[in-house]
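The structure appears right after this line, and notes come after that.
The values are calculated or read from the model by the stated rules, or taken from the named source; none is laboratory data. Quantities reported herein were computed from a predicted structural model and do not represent experimental measurements. Note that each Cβ is placed from the backbone with ideal geometry, even for glycine, and that neighbours are counted across all protein chains shown.
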Amino acid sequence: MRLLSAARQWSLADGLPESQLAAIRFEIDRLLSETGRPSAAVSADRRRRLAQRLAAMVIFCRVGRFTTGPQPPPGGLDVASLPSVPEPDEPGRPVTPAEYEEVLGTALFDAAGDATVSFRHQQYAEFLAAEYVARRRIIRPQLPALLGMNDEGLIPGPLTGAAAWLAALSPELVDGDLLAVNAEALAVSAVELPVRLRAHVVGGILGKAAAKDIDIPYGQDMTALAHPGLAAQLAARLDGGQAEAEELWWIARLAHAGQCRALAARLLREAVVPQHLSWVRCAVVIAVAALGDDAQVLRLRELAGLGAPEDPRDEVLAVVIDWMYPRLLDTTALLAMVRPSRSTSLGPYWVLLRKLSARIPEGDLPEALSWAAARVEDGEGAYDDLLPRLVTRGWQHWESPDVREPLALLVAGLASGASWPRRPGQGGTPWDGADSGSRRDLAVRIARHLPPESSYLLMHLRLLLPGDLG
């Protein structure tokens, strides 16, 4: 969503936004300018102030939708009942229902059913609500009541987004304790806090991780937590003794996000510790591969041979191959690493196998096809659909003489092998629509590897069509 917003600003304003705050302000102003009316009665700046007021109702008063009808649904408000009290910066000018209606009619809002509208995205409401509070010059003692903090200073989940934006807009309002207690939620919000606040959030995260009191947000972008002292902060944790699994995972992810190259050697030592769980080791391996030099990354190669207890779902193998090939591995070394999957569930190794054929250089295709032909007997579930994808890739380079024989051997094995029930001809073939000469050439080559009684498979694979037999 934020990338699309930045791209629109680049296109419309001829330049990228200078910050996350600038990007969301630009996007909201753009949406508020799309009124759908021939002429707007409400000025742009007042329209924005009223949008902030509506956002504050949504976030702090738990209002979900707005309507012009006389009977709002549960959790909704009708426009006529909205407060008309003037805004402080426009005293003596009450807000009218018509003005609310114009703001609710902009592209910032979407239809929500039952003749109601709601904010197009929760993030817009959270940001505008935070802007509204910041504009009202709230003071720190008022913050706990506004954000509904409990006695421990924890902010309820629905308000953490607005709290994060408020910290970004008015950093003087928040203190280290608030940031540390709510560190996990602030991190997941992905709001770019001022640099001077980020160390408090990272410290809170690592403290919770050490106490095993934190979730693992796989796929979460951590770059918003990077700050100049991050490497030293993480190094102190690594040097303080053996980290808990959750803490080490967070350290690795934060180091990667903050490009802390000075930590590559420390993380490499952790990557080869035998007792680490695979999901933790994966995060460490990725960090080392992203931050380390070639010599350090090459040390990761030994992790490709972990046994089933250390790598039960081939996750570590997947990240080692993904980050090392073709940067530091040639195709011969790659094929020596690829093994039948240890798990039947979808995971990183399955994802890798599905895209691996496209990464093999054209000159190495004969070697890869020969390797695949020798692996047919491992069974259909061993490599997901890597072998059929290699058939497609090989056919794309049929003009290469070195490809033809290993491709024919692989297709013959897939078509006739009892352990591989899914044959290349099922649901279409790579050579559908190709000229009969090329198909016939492949058929002749395949026939050399088939027993006479299996020649019907050439028809099954649609290599020989009825029109070709004449």
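Within the bounds of region 183-201, is there any residue that is under 26 Å from Leu50 (Cβ atoms) and assigned to a helix (DSSP H, G or I)? Looking for residues that are under 26 Å from Leu50 (Cβ atoms) and assigned to a helix (DSSP H, G or I), one finds at least one in region 183-201, hence yes.
Quick check on my filter: what residues within region 185-225 are surrounded by fewer than 18 Cβ atoms within 10 Å (Cβ to Cβ) and of a type in the set (S, T, N, Q)? Within region 185-225, Gln220, Thr223 meet the criteria. Looking across region 90-129, just one residue is in a helix (DSSP H, G or I) and of a type in the set (Val, Ile, Thr), and that is Val103.
Selection of first residues in region 420-438 that are more than 15 Å from Gln396 (Cα to Cα) and at pLDDT 75 or above and of second residues that are surrounded by fewer than 15 Cβ atoms within 10 Å (Cβ to Cβ) and aliphatic (A, V, I, L, M), restricted to Cβ pairs under 6 Å at least 6 apart or on distinct chains, gives an empty result.
Could you pull out the residue among Ala125, Ala145 that is of a type in the set (A, V, I, L, M), at pLDDT below 95 and either more than 17 Å from Glu192 (Cβ to Cβ) or not assigned by TED's automatic domain parsing to the domain that holds Arg49 (or both)?
Working: Ala125 fails: at pLDDT below 95.
Matching residue, one of Ala125, Ala145: Ala145.
Could we say that Asp322 is surrounded by fewer than 21 Cβ atoms within 10 Å (Cβ to Cβ) and either in contact with a Leu (Cβ under 7 Å, 6 or more places away or on another chain) or outside any helix (DSSP H, G or I) (or both) here? Yes. Quick check: is even one residue across region 257-267 surrounded by fewer than 22 Cβ atoms within 10 Å (Cβ to Cβ), over 25 Å from Val195 (Cβ atoms) and at pLDDT 95 or above? Yes; the residues of region 257-267 include at least one that is surrounded by fewer than 22 Cβ atoms within 10 Å (Cβ to Cβ), over 25 Å from Val195 (Cβ atoms) and at pLDDT 95 or above.
All of (1) modelled with pLDDT under 95; (2) assigned to a loop (DSSP other than H, G, I, E, B) hold for Leu414 with one exception: (2).
Determine which single condition Leu82 fails, assuming it passes every other condition in (1) farther than 23 Å from Glu34 by Cα; (2) surrounded by 13 or more Cβ atoms within 10 Å (Cβ to Cβ); (3) assigned by TED's automatic domain parsing to the domain that holds Ile28. Condition (1) is where Leu82 drops out. Within region 202-244, being free of Cβ contacts under 8 Å to residues at least 24 places away in the same chain and part of a helix (DSSP H, G or I) holds for Ala232, Ala236.
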